[in-house]
1. Quick one: Val453, Val60, fewest Cβ neighbours within 10 Å first, how do they rank?
2. What whole-number distance in Å separates the alpha-carbon centres of the range 146-218 and the range 22-37?
3. Local charge sum around Ala366 (other residues, Cβ-Cβ under 12 Å, Lys/Arg +1, Asp/Glu -1)?
4. Among residues other than Leu142 whose Cβ falls under 12 Å from its Cβ, what is the net charge (Lys/Arg +1, Asp/Glu -1)?
5. Provide the percentage of antiparallel DSSP beta bridges, counting only those with both residues in the chain; round to the nearest 5.
6. Order the peptides 38-51, 313-326, 490-503 from the highest to the lowest mean number of other Cβ atoms within 10 Å of their residues.
7. Give the residue from Pro177, Gly203, Trp346 lying farthest towards the positive end of the charge dipole for the chain; charges sit on Cβ (+1 for Lys and Arg, -1 for Asp and Glu) and the dipole is referred to the Cα centre.
8. Based on alpha-carbon centroids, what's the gap between the range 63-127 and the range 385-453 in Å, whole number please?
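Each value in this text was obtained by applying a stated rule to the coordinates, not by laboratory testing. Everything quoted here is computed from the prediction, not taken from an experiment. Cβ: placed from backbone, ideal geometry, glycine included. Neighbour counts: every protein chain shown.
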Amino acid sequence: MAGLASTTGAPVDYQSLRFEHRRHPDQDAAPPARHPVAIVGAGPVGLALAIDLAQRQVPVVLLDNDCTLSTGSRAICFAKRTLEVFDRLGCGDRMVAKGVSWHVGRVFFKDEQVYRFDLLPEAGHERPAFINLQQYYVEGYLLERAAELPLIDLRWHSQVTGIAQHADHALLTIETPDGPYTLAADYVAACDGSRSSLRQLLGQEAHGRVFRDRFLIADVTMDADLPTERRFWFDPPFHPKQSVLLHKQADNTWRVDFQLGWDADPVEERKPEKIIPRVRALLDSIGHEKVSFDIGWASVYTFACQRMDHFRHGRVLFAGDSAHGVSPFGARGANSGVQDADNLAWKLAAVLRREAPDALLDSYAAEREAAADENIRHSTRATDFITPKSEVSRLFRDAVLELSKRHPFARALVNSGRLSVPSTLHDSPLNTPDVDAFEGPMVPGAAAADAPVVGAGGGESWLLRATSAAPGEAVTRFTALVFGSGEAARRSLAALAEADLPLHVVKVAASSDAAGLAAKRYDARDGTVYLLRPDQHVCARWRQPTPLAVRAARDRAMGKP
């Protein structure tokens, strides 16, 4: 993996990279070599999980059956929450610098704008609502970060062809260009995509709904003077009776999705002579008749909204597309996969270091199965609205779109994809229920909100940056946010000290909360304490905690009885 980045300063062509198989000493080991964690699949989810574990000082073997990164843009919309995860992995700045930031979307019906929405209407967040960045860049940046971490052993051309589970480990059979070998792992993370070989080897299936429709997806390079917005058309004159989605990506590349209908020929529709007239018609309709363009990658896809019944099977834990799948409307696929990895990494690290019981991993399955259900529900509703399957459904949809031009109540019914937001883990067994009254969305189970704060050196900083663990910090670190600087705050700090836990304490005084947004977003007053898990989800909060309450909440969040 060394030397992945360009040494000349020229951009790296991530789509053309090829990685060699290198024979590993494990292939000659007898008995089979044993590792704490084996991750199968080096896509965004597997790479994110490997980096997170390695930063927590957990050695990882990362196996991939291929020797390349993704081709074509594929997943492009990465949400604020995912960018905050990438920050903790050490590559968020690079993603945002390269990606196209956006937060405004516009919805059209026929040739009229129906309405405009803003996904980040308030100030005081470090990260944008979304960036658009081709998947091969995301994988490339993650791969380069992984190359900096010696605890990640990435093995290309390594196809898992067998698995046997035992009481305290799983035994993998791995096929390589040098022949097969076996490898033992305490735990296995299946991040090997929608056609997961591990899911098949364990005899598991994903259940749900397959949608009978086809979509053309194309990367179009052009120098068009268009705003960086999400544009979605229902039944436009340039593509009647269907839908079209337009996004800008990095490198002056635009992503266009054309609904085709179930009867479309996938082979024919990928041909340039079919794609070019569609793109030309779109550009003509928005006043860009003279813009020239080139077609890059293109694909025709169908999709399903489905998931496995259970994400944990003994020593094997499923994450990302191997566990669940959704339609692309709402950008919930890659984002939910990265958030799976974020949820799983700290729990695996805690269990392997014997800080927590094995049962903590059951909470991974429970929490992320609930998140998958939420994503599937939103994705299914969006797909039904975008692709009505009966004349009655189409009449209802078109009536809603017409009404939404003038009536705000109708806009709530328009669904071109409810865009990805982090799931609030309301029913998590790791949450401590409130005993005090609070207002606002920062309930136990919610992902922590960011806010501007004054940094240690007096400069501008961000609340979530202050809660992040230092790279290489081995402990499973929980963070206590302590608001205020008065007598109540001093009592809260004393209670945290008496609890005698390895907590990272972040003081949010009025002087550091210069804009007052942190206290507002957390409904905090002097002495208020929020306990955050290592993945920055709230697990408990108090107006004035006791040492016993803090210890009990931390134990509960670690899966201890």
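1. Numbers: Val453 23, Val60 26.
Arranged by neighbour count, lowest to highest, Val453, Val60 become Val453, Val60.
2. Taking the Cα centre of the range 22-37 as reference, the centre of the range 146-218 is 17 Å away.
3. -2
4. Values: positive: Arg94, Arg145; negative: Asp52, Glu139, Glu144, Glu148.
Counting the neighbours of Leu142, the net charge comes to -2.
5. On the way: 70 of 98 bridges.
Counting only bridges with both partners in the chain, antiparallel ones make up about 70 percent.
6. Values: 38-51: 29.4, 313-326: 25.5, 490-503: 15.9.
Most protected by this proxy first, the peptides run 38-51, 313-326, 490-503.
7. My answer, from the dipole projection, is Trp346.
8. 18 Å
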